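Data block below; observations after.
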Amino acid sequence: MCRTRTKPRTSRTPNPSDSEAAFCRRTYCNQKQNGGILIAKLVVAEKPSVAMSYAKVLGATSRKDGYLEGNGYLVSWCVGHLVELAPPNVYDEKYTKWSIADLPILPQKWQYLVSASTKKQFGILQKLMNRPDVDSVICATDAG
């Protein structure tokens, strides 16, 4: 009688991130409809590399200009500071050349400007936030 030796079964140790991603997809990524429109959540990350990680877990695999989309999520990012405080001369021309006597400059209403270097990404985020299918925005940036 000839016995054939079979390879012992090896069980693969599950990767915790696999199960976490699957749980996330089952729990949070179910697409909902409102009047025939798929409802999407917009996730705004700190920078592109972080957005790519979030998108992978959330199942947003379709690459667009300035964001990723899929599975009921839009995942985008900031690039540095998208918006900055307006310089003093925006409030009053006298602050173009100001002196210590002008300090402190405390405007009634603070004004903000979009940075020239981030204008394109700001516009992308603005369009995404105003899409009719976006029902919530998730801020996934740092506290700063």
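The values are calculated or read from the model by the stated rules, or taken from the named source; none is laboratory data. Quick caveat: nothing in here was measured; it's all calculated off a predicted structure. Positions of Cβ are generated from backbone atoms using ideal geometry, with glycine treated the same way; all protein chains shown enter the neighbour counts. Ligands, DNA and RNA are stripped out before the accessible areas are found, and what is left, the full protein with its side chains, is counted by its heavy atoms. Shrake-Rupley method; radii C 1.70, N 1.55, O 1.52, S 1.80 Å.
A few comments on the model shown:
- Only one of the numbered conditions (1) at pLDDT below 95; (2) of a type in the set (Phe, Trp, Tyr); (3) closer than 29 Å to Lys41 by Cβ is not met by Phe122, and that is (1).
- Summed over the range 60-105, the residues that are in contact with a strand residue (DSSP E or B) (Cβ under 8 Å, 6 or more places away or on another chain) and among the aliphatic types (A, V, I, L, M) give a count of 9.
- Candidates are the residues of the range 66-81 that are open to solvent by 40 Å² or more (accessible area, probe 1.4 Å) and under 19 Å from Ser115 (Cβ atoms); the one that is nearest to the chain's Cα centre (by Cα) is Val79.
- Residue that is farthest from the chain's Cα centre (by Cα) [pool: residues in the range 90-136 that are open to solvent by less than 100 Å² (accessible area, probe 1.4 Å) and among the hydroxyl-bearing types (Ser, Thr, Tyr)]: Ser99
- Enumeration of residues in the range 38-65 that are under 10 Å from the mean Cα position of the chain (by Cα), open to solvent by less than 10 Å² (accessible area, probe 1.4 Å) and either among the hydroxyl-bearing types (Ser, Thr, Tyr) or over 12 Å from Cys139 (Cα atoms) (or both): Ala55
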